[in-house]
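Shown next, in structure tokens, is the structure this report addresses.
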Amino acid sequence: MDEKPKKSKRDFLFTASYTLGAVGIGATIWPLIDQMNPDTSVKALATTEVDLTQIEPGNSITVLWRGKPVFIKRRTQSEIEEAESVNLTELPHPEKDQDRVKKKEWLVMLGVCTHLGCVPLSDKGEYNGWFCPCHGSHYDTSGRIRKGPAPTNMEIPKYEFVNNNTIKIG
Amino acid sequence: MSEKTYVPSTKFGKWFNDRLPLLSLSAHLMEYPTPKNLNYWWTFGGILTFCLASQIVTGIVLGMHYIAHTDMAFNSIEHIMRDVNYGWLLRYIHSNGASMFFLAVYIHIFRSLFYGSYKSPREIIWILGMMIYLLMMATAFMGYVLPWGQMSFWGATVITNLFSAIPLIGDSITTWLWGGYSVDNPTLTRFFSLHYLLPFMILGLVVLHIWALHVPGNNNPIGIDIKKPSKDTVPFHPYITIKDLFALLIFVIIFAGFVFFSPNILGHPDNYIPANPLITPTHIVPEWYLLPFYAILRSVPDKLGGVILLFASIFILFALPWLDRSKVRSAIFRPLYRQFFWILMIDVFVLGYMGAMPAEGTYLLIARIATAYYFVHFLVVLPILSSVEKTEPIPLGISDPVLKT
């Protein structure tokens, strides 16, 4: 009874059948799962062009890109200086201001709080940047997290300057 | 079970019952020996069955008029409220019905906590119940998204973002849940599909819950094992059915009070503003029945930590039968547990209140203390009580203390 039975041809057939069966079930389930991922029509709406001429210094606009708000802020000189003068060791998610912008004057970022996805309010909070009303995250003039539950700085989307007055997001 | 074998009285009944023993099943349900000392806290099982049936029936007819599309969902709700015959009534029964369902389930759960109904041999009943509760929360959440108002949209955004806290794969999971890069039309349509499906899964679990209940039989207020059937039991019908019906009547009167006199008092006015992905309402709150968990989420100043604690606060309940090892079930004979039960109850109410308040200053501090206590109750107090508490003597039978004097 204690002796291990020898591996027979039948055991091999069982293992082979179970394996093939598992692969077959997996291949059948995958379309049912993957249909929930973004479809081609959603992916097609991936870029947005924005005209910047109407934005005065100190003002910002919000545009919709991939269903998410993007903040485009024309920063004042003092806001730029404030963002650049911060000591990186004070930051929960250290990033230099210059790494977050293409032109110092323009801050382009996803207006989505990295905590649970609310839209932060501009010119609010303890760091003169943004404040998320949902769970109290404070962001500075570079959109970096300074205080509150959000784990990271607000995300910078892929964008480029088409010319001096137009950017293309995505 | 020790019931007599049922023999149908008619020839056709016998013919049918031999092929599909439905008549035996209904005879079992009617004769089912029930402890004769069950109090009104035991009527909530029946009330909950009514709530589920009511939600399914009103939900199915609302589904005939609702349109799951971001451009039309909000207006289709207004169409139901204004144009559809009795649409206002059906929708108010459905939306207030969710609240009444949770009210009843919380009473049902706290009854189980007080009388130790989750203890051996009823652990599986308890776990099935917790699975039902979890599915109820998922169903209610998705249902709240369907009107596509501001609270719908931002509630959906916040809750789906909970999954983005998962390291490495979090973002892929949220994108998969959304079917896009934010909460949008694909999210709404799948939520509608799942909101229609989950109640039937709940129904299936309810059948298992009752099946598992009928194996050991009901617990009772003094929490002792009883012989069934015996002088300590009564048949389910008519004794319990009539008591359940009376309790249901009172419950439905309160339910109707909400539906007809203050149908919006449990909702949030912001949900009558159409969803706007550019503006977050200044104060997002979930429905009242999820507030304690929301308070736990917000009391942690770390994203992943908050999410872990939120899920832990629910899943810890699954382990309850193994955290509380006291052999005595009913709190009536547990002088210390009895007091901690009430402290836990107050703690949950405090958490609920803090969940509705802004997460700052004193509110946040109180929420943190209450969160800590919630876990202390289950992880420290219960295991310690199991070994140190000196319980009071339990009676040998339900009738004994009465008949002997």
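For the range A:104-125, a residue qualifies if it is more than 13 Å from the chain's Cα centre (by Cα) and more than 9 Å from chain B (Cβ to nearest Cβ), and the qualifying residues are A:104, A:105, A:106, A:107, A:122, A:123, A:124, A:125.
Scanning the range B:6-30 for residues that are touching a residue at least 12 places away in the same chain (Cβ under 8 Å), in a loop (DSSP other than H, G, I, E, B) and open to solvent by 80 Å² or more (accessible area, probe 1.4 Å) gives a single hit, B:6. Scoring residue B:334 on the criteria (1) farther than 30 Å from residue B:231 by Cα; (2) modelled with pLDDT of 95 or more leaves a single failure, condition (1). Only residues that are open to solvent by less than 30 Å² (accessible area, probe 1.4 Å) and not in a loop (DSSP other than H, G, I, E, B) were counted in the range A:98-125, giving 5. When the range B:160-186 is filtered for residues that are within 19 Å of residue B:284 (Cβ to Cβ), open to solvent by 30 Å² or more (accessible area, probe 1.4 Å) and within 8 Å of chain A (Cβ to nearest Cβ), the ones remaining, listed by number, are B:177, B:184.
For the range B:303-323, which positions are within 14 Å of another protein chain (Cβ to nearest Cβ) and more than 30 Å from residue A:72 (Cβ to Cβ)? Explain how you work it out, then say what you get.
Pass one, the range B:303-323, residues within 14 Å of another protein chain (Cβ to nearest Cβ): B:303-310.
Once the filter is applied, which keeps residues that are within 14 Å of another protein chain (Cβ to nearest Cβ) and more than 30 Å from residue A:72 (Cβ to Cβ), the range B:303-323 yields B:304, B:305, B:306, B:307, B:308, B:309, B:310.
As a summary of the residue check, residue B:73 satisfies the conditions (1) buried (at least 22 other Cβ atoms within 10 Å of the Cβ); (2) under 21 Å from the mean Cα position of the chain (by Cα) except for the one numbered (2). Residue check: residue A:95 meets all listed conditions (1) within 14 Å of the chain's Cα centre (by Cα); (2) closer than 21 Å to residue B:165 by Cβ but one, namely (1).
With respect to being surrounded by 21 or more Cβ atoms within 10 Å (Cβ to Cβ), not in a loop (DSSP other than H, G, I, E, B) and not aliphatic (A, V, I, L, M), residue B:189 falls outside the description.
Under the condition of being open to solvent by 40 Å² or more (accessible area, probe 1.4 Å), among the hydroxyl-bearing types (Ser, Thr, Tyr) and within 12 Å of residue B:329 (Cα to Cα), the residues counted in the range B:102-128 number 1. When the residues of the range B:129-156 are filtered to those that are open to solvent by 10 Å² or more (accessible area, probe 1.4 Å) and among the β-branched types (Val, Ile, Thr), the one that is farthest from the other protein chains (Cβ to nearest Cβ) is B:132.
So, residue B:243, is that one in contact (Cβ under 8 Å) with a residue 40 or more places away in the chain and assigned to a loop (DSSP other than H, G, I, E, B) or not? Here the answer is no, as residue B:243 does not meet what is asked.
Restricted to the range B:283-302, and to residues that are aromatic (Phe, Trp, Tyr) and away from chain A (no Cβ under 14 Å), which residue is nearest to residue B:377 (Cα to Cα)? Among those residues, the one meeting the criterion is B:289. Taking each residue of the range A:40-67 that is more than 16 Å from residue A:162 (Cβ to Cβ) and looking for partners that are of a type in the set (Asp, Glu) with beta-carbon atoms closer than 6 Å, six or more apart or interchain, yields A:67/B:184. When residue B:209 is tested against (1) crowded, with 16+ Cβ neighbours inside 10 Å; (2) in contact with a Lys or Arg (Cβ under 7 Å, 6 or more places away or on another chain); (3) more than 28 Å from residue B:151 (Cβ to Cβ), just one condition goes unmet, and that condition is (2). Contact map, the range A:117-142: first residue outside the structural domain of residue A:95 (by TED's automatic domain parsing), second residue hydrophobic (A, V, I, L, M, F, W, C) and open to solvent by less than 10 Å² (accessible area, probe 1.4 Å), Cβ cut-off under 9 Å, separation 6 or more or different chains; the map is empty.
Looking at this structure, is residue B:252 surrounded by 14 or more Cβ atoms within 10 Å (Cβ to Cβ) and either within 17 Å of residue B:94 (Cα to Cα) or within 14 Å of chain A (Cβ to nearest Cβ) (or both)? The answer is yes for residue B:252.
So which residues in the range A:126-169 are part of a loop (DSSP other than H, G, I, E, B), away from chain B (no Cβ under 11 Å) and over 24 Å from residue A:94 (Cβ atoms), if there are any at all? Explain how you work it out, then say what you get.
Filtering the range A:126-169 down to residues part of a loop (DSSP other than H, G, I, E, B) leaves A:126-129, A:133-136, A:140-144, A:148-158, A:164-165.
Narrowing the set further to residues that are away from chain B (no Cβ under 11 Å) leaves A:126-129, A:140-144, A:153-154, A:156, A:158, A:164-165.
If the condition is that a residue be part of a loop (DSSP other than H, G, I, E, B), away from chain B (no Cβ under 11 Å) and over 24 Å from residue A:94 (Cβ atoms), then A:164, A:165 are the ones that fit.
Checked against (1) polar (S, T, N, Q); (2) under 22 Å from residue B:370 (Cα atoms); (3) surrounded by 17 or more Cβ atoms within 10 Å (Cβ to Cβ), residue B:326 passes all but a single condition, namely (2). Within the range A:1-55, how many residues are open to solvent by 80 Å² or more (accessible area, probe 1.4 Å), part of a helix (DSSP H, G or I), among the β-branched types (Val, Ile, Thr) and within 14 Å of chain B (Cβ to nearest Cβ)? Result for the range A:1-55: 1.
Filtered by the rule that a residue be surrounded by fewer than 12 Cβ atoms within 10 Å (Cβ to Cβ) and either of a type outside the set (Gly, Ala, Ser) or touching a residue at least 12 places away in the same chain (Cβ under 8 Å) (or both), the range A:73-97 gives A:77, A:87, A:88, A:89, A:90.
When B:263, B:277 are checked against the criterion of being assigned by TED's automatic domain parsing to the domain that holds residue B:46 and either of a type in the set (Asp, Glu) or more than 30 Å from residue B:182 (Cβ to Cβ) (or both), B:263 stands alone in meeting it.
The values are calculated or read from the model by the stated rules, or taken from the named source; none is laboratory data. What you see is a predicted model, and the numbers here were worked out from it, not measured in a lab. A quick note on method: Cβ atoms are made from the backbone with ideal geometry, for glycine too, and the neighbour counts reach across all protein chains shown. All accessible areas refer to the heavy atoms of the entire protein, side chains included, with ligands and DNA or RNA removed. Shrake-Rupley method; radii C 1.70, N 1.55, O 1.52, S 1.80 Å.
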